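Presented below is the structure to which this report refers.
The values are calculated or read from the model by the stated rules, or taken from the named source; none is laboratory data. The structure displayed is predicted, hence computed values, not measured ones. Because the Cβ atoms are built from the backbone with ideal geometry, glycine has one as well, and the counts that use them run over all protein chains shown. For the accessible areas, the whole protein counts, side chains as well, though only heavy atoms, and no ligand, DNA or RNA atoms are used. Shrake-Rupley method; radii C 1.70, N 1.55, O 1.52, S 1.80 Å.
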Amino acid sequence: MSYLLDTHTLLWWLADHPTLSEPARSVIANPHHLIVVSAVSAWEISIKKTLGKLEAPSDLEGAIHRNRFESLVISIKDGEDAGALPNYHRDPFDRMLIAQAFRNQLTIVTRDEKFQQYGVPLLKA
């Protein structure tokens, strides 16, 4: 199975935060699963970190690599697909994750209930 981590899920995993559900922990820890992190999450973290809205590892790329997560680049097609999604969710970072999940056949690990409206496969973070 292949999973795409929502930004908050990634941060919870890296911080070993107790909020992260046991099913999500089990999936992420399983070496037989492909765990993917989108470049859009790095972008969102960088912006919010600069604004003082959150704390995150100073070497996010290194943390992603050490956890054996795969990086997912943002393509032109991803941008087109995210823009064409129904306007159920206004957050552009989340819309990109949804578009990438559809395009790459990934299950999103998230706590955001708005994702359900798109019919994308989900695992509760």
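Brief remarks on what is shown
- Think of it as helices only: each DSSP H run of n ≥ 4 in the chain is worth -39500 (n - 2.57), and spread over all residues that comes to -13500 deg cm²/dmol at 222 nm.
- Segment 1-100 - Kirkwood radius from inverse mean 1/r over Cα pairs (Å): 14.3 Å
- Accessible area of the chain belonging to carbon and sulfur atoms, whole % at 1.4 Å probe: 52 percent
- Cβ crowding within 10 Å averaged over residues, with 50-61, 77-88 ranked highest first: 77-88, 50-61
- Probing with 1.4 Å while keeping every protein chain in the model, the per residue accessible area of the chain equals 57 Å².
- Extending 7 Å from Cα along the Cβ direction at residue 1 and again at residue 54 yields two label points whose distance is 2.3 nm.
- Of 29, 2, 18, farthest towards positive along the dipole that unit charges on Lys, Arg, Asp, Glu beta carbons give segment 1-94: 18
- Sorted peptide list for 93-101, 14-22, criterion being average Cβ within 10 angstrom, highest first: 93-101, 14-22
- Think of each Lys and Arg Cβ as +1 and each Asp and Glu Cβ as -1; about the Cα centre, that makes the dipole of segment 1-84 roughly 160 debye.
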